[in-house]
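Following: one structure in structure tokens, then a few remarks.
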Amino acid sequence: MATARESGRLKESGKVLDEATRKRRARKALEALELDNFHEDPHADLVMSKKVPKFQETLDNRSVKRKKGKSAEYYKQRFRKTFPQLVEEDRNYNPNPPNYMSAQAAPSKCPERRFCAVCGFPSTYTCVKCGARYCSIRCSGTHLDTRCLKWTA
Amino acid sequence: MDYDDVFVLDNGACTAKAGFASSDDARIIPNCIMKAKSERRRPFIGDQVEECRDASGLFYILPFQKGYLINWDVQKNIWDYIFSAECLPVNFPETPVVITEPYFNFNSCKEAMTEIFFEEYDCHSLLRINAGDLSSYHYFNTNQNSLCCLLVDVGYSFTHIVPYIKGKKLKNGIRRIDIGGKVLTNHLKEITSYRQLHVMDETYVMNQVKEDACFVSLDFYKDMKIAQKRGKENTIVRDYVLPDYTSIRRGYVKDPAVAPSGEDGDQQTLRLNNERFTVPELLFNPSDVGITQMGIVEAIVDSLSVCPAETHPHLYRNIMLVGGSTLFPGFRDRVCKEVRTLAPCDFDVNVTLAKNPITYSWNGGRLLTQDPEFSSRLVSKDEYEDHGYNICLDRFDV
């Protein structure tokens, strides 16, 4: 009877995350540090209708625009390359160091320092399930309730 | 010389520093397009954001990714604004342009930049150069007796450590740490959102919080102990009043000496404690967030290890800090203190923080335009038309 009433989370709580999942989490956290925005474009739902004439645009204005040359859209198409593509290209173009890859600072020789994932102060304990650090019973409780086995960004 | 003035553009990933060499200082223009929730009619390009009345939830569109120019359509729109009558009108056919690019810039980015300036803007002549080269030029210009300079440029996307020996950069010695202002702001957003208030959408506001409240600790574990104390003994904790864009236009750190009064009731505040110094600490210990790279000081020593031994005393004596993220209080002292402990004791260590670390490189460009050699470093439009892109490969040392 009791088992039927258990929530899914309680059952899950016995699980220990494997190395691959831990690494994936760490990578996701690092990727989040590079993001420009965490929310959607606030103007995404605006529909711009091209058919509607823009009244401020006089004939003069239009000829000036044409003289200005290619549009931003042209350059987007012309030089469309993603960052990983550029790095890959550079690997072939500049195979010998010094190059972009070789300039990256090497791993530190000092051991990692450990901080509580909840409050940020130096920590002594490691969460058995997910490997996060915590410093006190209180932080451990917060950690188990919030981030331990689910990813909340 | 068939020109009167030169336009210098230090095209950074966060801000573009732009202006004519004849002006006193650069104009700092955010190098991005922003969209506000409150203003649905138009996006804000560059410093137009100053007209934005409600900067909460500002959405950013950036031309740069990881420090390199990727989104050319965005950059083109921003440049069009910068060079327009609204901002800094440039008469390109009669004006040489000095523009900066990052170290180890990708080949297709270089080509794209050259093409846009010559073919789209029809500029008179062009010099593409690393921002760090301009900074080092500035350094050697003001410190005529120095033979070497170790430049530490802490930018928005990354940090570079570059040894310059007799004015030339030693490419082997360049070290890049993938931490800059952007990672710091994002990290502050992340820990604040987890610990107290959801601010993940408030990049603009949290960047101001970072600039106003964060500092570099000189004794990290001692400050940690202070931050753990309660009441008056904790000299680190501060309350930060967030802007509400009705009565408070910009957030500020509350003066800890002033007792809270009744009228503060509806202010929204953040309590900043160890966040104040653990955030800039990432520059010195990237492994704190799991980035497996050396911190600034370790990388300085590592960069020096590939330089010829006879240059070491000169490099230790001429460490120069530039870039917006060096503005944290305590930054220079921390670098100085830690380099001192790692450097051989018979060497002098001297660390200088630029008076204006953001425009230091731009001002280097301004000085460079007065150099007698300057015009020989430019590629003119005629030369570009005769020899094509190859002449840029030969002439520009980037």
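The values are calculated or read from the model by the stated rules, or taken from the named source; none is laboratory data. This structure is a prediction, so every number in the text was calculated from the model and none was measured. Here the Cβ positions follow ideal geometry from the backbone for every residue, glycine too, while neighbour counts run over all protein chains shown. Heavy atoms of the whole protein, side chains included, go into the accessibility calculation; ligands, DNA and RNA do not. Shrake-Rupley method; radii C 1.70, N 1.55, O 1.52, S 1.80 Å.
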(request) Grab the beta carbon distance between residue A:113 and residue B:212, set R0 = 25 Å, and tell me the FRET efficiency rounded to 0.05. (result) 0.45
(request) Any chance you could check the stretch B:270-310 for residues losing 30 Å² or more of accessible area when the partner protein chains are in, compared with the chain on its own (1.4 Å probe)? (result) B:274, B:287, B:288, B:292, B:293, B:294, B:298
(request) Work from the charge dipole of the protein assembly as shown (Cβ charges, +1 for Lys and Arg, -1 for Asp and Glu, about the Cα centre) and give the residue of B:58, B:273, B:323 farthest towards its positive end. (result) B:273
(message) With the crude spin-label approximation of a point 7 Å out along Cα→Cβ, what separation in nm comes out for residue B:250 versus residue B:373?
(response) 4.1
(message) With angles folded into 0 to 90 degrees, how steeply does helix B:131-142 sit against the dominant principal axis of chain B? Use alpha carbons for both and round to 10.
(response) 90
(request) Could you do me a favour and compute the accessible area per residue for the protein assembly as shown, 1.4 Å probe, result in Å²? (result) 50
(request) Sum -39500 (n - 2.57) across every DSSP H segment of at least 4 residues in chain B, then divide by the residue count to get the 222 nm mean residue ellipticity, nearest 500. (result) -9000 deg cm²/dmol
(request) Filter the chymotrypsin sites (Phe, Trp or Tyr not before Pro) in the stretch A:105-153 to those in DSSP coil with at most 13 other Cβ atoms within 10 Å of their Cβ, and list the result. (result) A:151
(message) Using a Förster radius of 56 Å, what is the FRET efficiency between residue B:386 and residue B:198 based on their Cβ-Cβ separation? Nearest 0.05, please.
(response) 0.45
(request) Please label the shape of chain B as rounded, prolate or oblate, based on the square roots a ≥ b ≥ c of the eigenvalues of the alpha-carbon gyration tensor (a/c under 1.5 means rounded; beyond that, a/b larger than b/c means prolate, else oblate). (result) oblate
(message) Considering only protein heavy atoms and a probe of 1.4 Å, how much of the accessible area of the protein assembly as shown is carbon and sulfur, as a whole percent?
(response) 51
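Could you please report the charge total around residue A:105, scoring K, R as +1 and D, E as -1 over all other residues with beta-carbon less than 10 angstrom from its beta-carbon?
Net charge around residue A:105: -1.
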(request) Provide the net charge surrounding residue A:118, with neighbours chosen by a C-beta distance below 12 Å and charges set as Lys +1, Arg +1, Asp -1, Glu -1. (result) +3
(request) Taking GluC sites (Glu not before Pro) as candidate sites, keep only those in a DSSP loop with at most 16 other Cβ atoms within 10 Å, then name the longest stretch of chain B containing none of them. (result) B:87-372
(message) List the residues of the stretch B:84-121 for which accessible area in the full set of protein chains is at least 10 Å² lower than for the chain on its own; 1.4 Å probe, protein heavy atoms only.
(response) B:104, B:106, B:107, B:108, B:112, B:115, B:116, B:119, B:120
(message) Using a 7 Å offset from the Cα along the Cα-to-Cβ direction at both residue A:129 and residue B:228, what is the distance between the two label points in nm, to one decimal?
(response) 2.6
(request) Can you list which of the GluC sites (Glu not before Pro) found in the stretch A:72-117 are DSSP loop residues with at most 16 other C-beta atoms within 10 Å? (result) A:112
(request) Just the number, please: buried accessible area between B and A, total of both chains, 1.4 angstrom probe, nearest 100 square angstrom. (result) 5800
(request) For residue B:199, enumerate residues with amide H under 5 Å from its amide H, sequence gap 5+ or separate chain, H modeled in the peptide plane. (result) B:193
(message) Given R₀ = 30 Å, what would the calculated FRET efficiency be for residue A:39 paired with residue B:23, taking r from the Cβ atoms and rounding to 0.05?
(response) 0.20
(request) Return the sequence-ordered ³J(HN,Hα) values of the stretch B:39-54 in whole Hz as given by the Karplus equation 6.51 cos²θ - 1.76 cosθ + 1.60 applied to θ = phi - 60°, using x for Gly and Pro. (result) 10, 8, 7, 8, x, 9, 9, x, 7, 4, 4, 4, 7, 6, 7, 10
(request) Give me the angle, in degrees from 0 to 90, between the Cα long axis of helix B:203-213 and the longest principal axis of the Cα atoms of chain B, rounded to the nearest 10. (result) 70
(message) Which residue fluctuates most in the GNM of chain B (Cα springs below 10 Å): B:334, B:40, B:176?
(response) B:40
(message) Taking the 0 to 90 degree range and rounding to the nearest ten, how far is the long axis of helix B:72-82 tilted relative to the main principal axis of chain B, both from C-alpha atoms?
(response) 90
(request) Could you tally the net charge around residue B:366, taking each other residue with its Cβ under 12 Å from the Cβ of residue B:366, Lys/Arg +1 and Asp/Glu -1? (result) -4
(request) Place a label point 7 angstrom from the Cα of residue B:393 along the Cα-to-Cβ direction, then list the residues of the stretch B:90-116 whose backbone nitrogen is under 16 Å away. (result) B:105-115
